[in-house]
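As structure tokens, the structure follows; a few thoughts come after it.
Nothing in this text is a laboratory measurement; each read-out follows from the coordinates by a stated rule. Source: prediction; values computed, not measured. Cβ sites come from the backbone with ideal geometry, for glycine too, and all protein chains shown count toward neighbours.
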Amino acid sequence: MNIKKYEIKKILSSPIVIVLMAIFIAFNCLIISENSYCGKELKVLNKIVDKVGYKIDDEMLSNFSELYNEKLNKVNEISSKKYNKTYKSIGEFLDENQFDMENKNGKLSKEEKQFIKEAKVIESYYILIDKEDI
């Protein structure tokens, strides 16, 4: 029993094992930090599921379409106040107003930026579902 304990201690204290553990931990931290946006997107997805349901059927698709159009209308309301322009999609709005979305001193408030980002996630899922013939 004592021999196993010493062998395990010897393996764990080996410089190669320590270096490899450090490399793997650093790699895992890198992967986690690169995918941190998924958590924010999942919060929006949970809101979508709460409002339209999780079962994909005709009723859900019509409810989701209404939700998307509601968000698009709200984004157009914001853009018409700030830029005197409306858009066909939220992505089109973001393409033209990228600077204001990233700039703290832009025309948009923090709440408006957050709403537009959430609306873009909703649009992404709406386009994804629309492309899939369910």
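Local charge sum around Val49 (other residues, Cβ-Cβ under 12 Å, Lys/Arg +1, Asp/Glu -1)? Before the final figure, lay out each step's value.
On the way: positive: Lys43, Lys47, Lys51, Lys55; negative: Asp50.
That sum, taken over residues with Cβ under 12 Å, equals +3.
Principal-axis analysis of the Cα atoms of the chain puts helix 37-52 at an angle of about 50° to the longest axis. Taking the longest Cα principal axis of the chain as reference, the axis of helix 58-83 is set at about 80 degrees. For the chain, take the longest principal axis of its alpha carbons; what is the angle in degrees between that and the long axis of helix 2-12, to the nearest 10 within 0 to 90? The helix 2-12 is inclined about 50 degrees to the chain.
What's the local net charge at Ile78, with K and R +1, D and E -1, over the other residues with C-beta under 12 Å away? Provide the component values of the computation, followed by the final result.
Values: positive: Lys71, Lys74, Lys81, Lys82, Lys85, Lys107, Lys113; negative: Glu77, Asp100, Glu111, Glu112.
Combined, the nearby Lys, Arg, Asp and Glu give +3.
Counting only C-alpha contacts under 8 Å and six or more residues apart, can you give the relative contact order of the chain as a whole percent? Mind dumping the intermediate values first?
Working: 55 pairs, mean separation 32.3, N = 134.
So the answer I get is 24 percent.
Show me 6-15, 37-46, 61-70 ranked by packing, highest mean number of other Cβ atoms within 10 Å first. It would help to have the intermediate numbers written out before the result.
Numbers: 6-15: 9.6, 37-46: 11.7, 61-70: 15.1.
Peptide ranking by packing, descending: 61-70, 37-46, 6-15.
From the largest down, segment 37-131 spans 42, 27, 20 angstrom on the principal axes of its Cα atoms. Each of Tyr125 and Gln98 was given a label point 7 Å from its Cα along the Cα-to-Cβ line. The distance between the two points is 2.6 nm.
Placing a pseudo-label 7 Å from each Cα along the Cα-to-Cβ vector at Leu30 and Glu70 gives an inter-label distance of 4.3 nm.
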